[in-house]
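Peer 1: Got a structure here, written out as structure tokens. Questions coming.
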Amino acid sequence: MPMNFETTLDASDTTPADTGTAGGDEGGVDQTRQAGRKRSLYIALAVLVVALIVAAFMLSGGEEEPAFAPDDAGNLPAVTVLAPGSGTIQGVINATGTLAARREMPVGVTGEGGRVIAVRVEAGEWVSAGEVLAVIDRSVQNQQAASQQAQVRVAQADADLAQANLDRALQLVERGFISQADIDRLTATRDAAVARVAVARAQLGERQARNAQLNIVAPAAGYVLTRNVEVGQTVGPGSGTLFSIARRGELELLARIGEAELSALSVGATGIVTPVGTDQQFTCQIWQKSPVIDENTRQGTARCALAYDPALRPGGFASIALNGETLVAPRLPESAVLSDEQGSYVYIVNDENVVERVNVELGEISDEGVAIASGLSGNERVVLRAGGFLTPGEEVRPVAEGAS
């Protein structure tokens, strides 16, 4: 076997020499085939590159159209315009504030004070004028009143006796038994006794009035907001507010409004109040504007009167939409209004289809658009979009909004 293997190797090594002409022909065929394969590869690469270029061009066709574009002749850009006209716009001022009693009446001790023996109302109840809210012990004061009543009776008895003595003396003076001097003395005694009766009665009245002040009463009809007293508590003139009452239950919203907006409101303007945490709405009316502006916040207070409702709780937070001044003006979408360091402005297209800049003053801004307070009459052709791509003096082709 080893011998056959060597013989085979020797034979393969000598084959090219034996077939020299045939080997040369096969080499030429291989070179031709390789050249053909290279040409096919180049053609395939070229086709692929062209396909990629075509695909990229087709994809670029989906870009957003410019806000304005040349017309069919390729000369002038087309822009969308609108003549807004003018209409009546009801100004609305939005603000927030705190609910409160319109006239809150603090009720405390007006007399001598003492120990509270009864509290007859609770917070959240209605009371009438003069109704007793709480009672203070008056056992000592009652004894003092009884003593004063006795003093009145004593003084009255002395006055009656003095009058009787004077009457008898007058009967005797005609007979000469009593001198005129005695009559004058008896008259003075009678007058002094009558005066002491008046003093005693006044003292009794004072005592009774002081005792009446031991009843803490409502100064006017209203709604009890707070109660700060309990039975057994000792109270006096320095005890502070025991009850607070909203007179007639009237409430208000203390709306905090900016200085400029406050000046645009008038007393009597109406609004809609929405307490926080609820969808309920209540109508209110401004009854007073604050004469003072807070120098820190640059805000003032508009006091808006509200009728009583259980959903309105003093101290709560609420929002308000107030009806401001009525304005007759054009209204534009926000896309038509531009601004720079010189202020707000719009572009219009004049009769010669040339773009012009017009400075404007803005009014109320709402979901319906921007009110133009001054600068436009409403008959101009206002550029609605693409104002940032235009320059004053540029000629354009105006297209009315909605036109095809």
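The values are calculated or read from the model by the stated rules, or taken from the named source; none is laboratory data. Everything numeric in this text was worked out from a predicted model, so none of it was measured. For neighbour counting, all protein chains shown are included, and Cβ atoms are generated from backbone atoms with ideal geometry for every residue, glycine included. These area figures cover heavy atoms from the full protein model, side chains too; ligands, DNA and RNA do not enter into them. Shrake-Rupley method; radii C 1.70, N 1.55, O 1.52, S 1.80 Å.
Peer 1: Just add up the charged neighbours of residue 214: K/R +1, D/E -1, any other residue whose Cβ is under 12 Å from the Cβ of residue 214.
Peer 2: +2
Peer 1: Just add up the charged neighbours of residue 141: K/R +1, D/E -1, any other residue whose Cβ is under 10 Å from the Cβ of residue 141.
Peer 2: So the environment of residue 141 carries a net charge of +1.
Peer 1: So, one more: Can you give the accessible area of residue 173 in Å² (nearest 10), computed on protein heavy atoms with a 1.4 Å probe?
Peer 2: Here the residue's solvent-accessible area equals roughly 40 Å².
Peer 1: With Cβ to Cβ distances under 12 Å as the rule, what net charge do the other residues near residue 255 carry (K, R +1; D, E -1)?
Peer 2: +1
Peer 1: A follow-up question, please. What whole-number value in Å² describes the accessible area per residue of segment 257-404 for a 1.4 Å probe?
Peer 2: Working: 8270 Å² over 148 residues.
Spelled out: the 1.4 Å probe surface of segment 257-404, per residue, equals 56 Å².
Peer 1: I'd like the distance between the alpha-carbon centres of segment 95-146 and segment 170-193, rounded to an integer number of Å.
Peer 2: Between the Cα centres of segment 95-146 and segment 170-193 lies a distance of 55 Å.
Peer 1: Expressed as a whole percentage, what fraction of the accessible surface of segment 228-369 belongs to carbon and sulfur atoms when a 1.4 Å probe is rolled over the protein heavy atoms?
Peer 2: After summing per-atom areas, the C and S share lands at 46 percent.
Peer 1: Using only Cα atoms, what Kirkwood radius does segment 306-400 have, in angstroms?
Peer 2: 15.8 Å
Peer 1: Just the number: Rg to Rh for segment 124-204, Cα atoms, Kirkwood Rh, two decimals.
Peer 2: Value, to two decimals: 1.38.
Peer 1: What order do 210, 313, 102 take when sorted by accessible area (1.4 Å probe), most exposed first?
Peer 2: 313, 210, 102
Peer 1: Which value, in Å², gives the accessible area per residue of segment 88-128 when a 1.4 Å probe is used on the protein heavy atoms?
Peer 2: Heavy-atom accessible area per residue stands at 52 Å².
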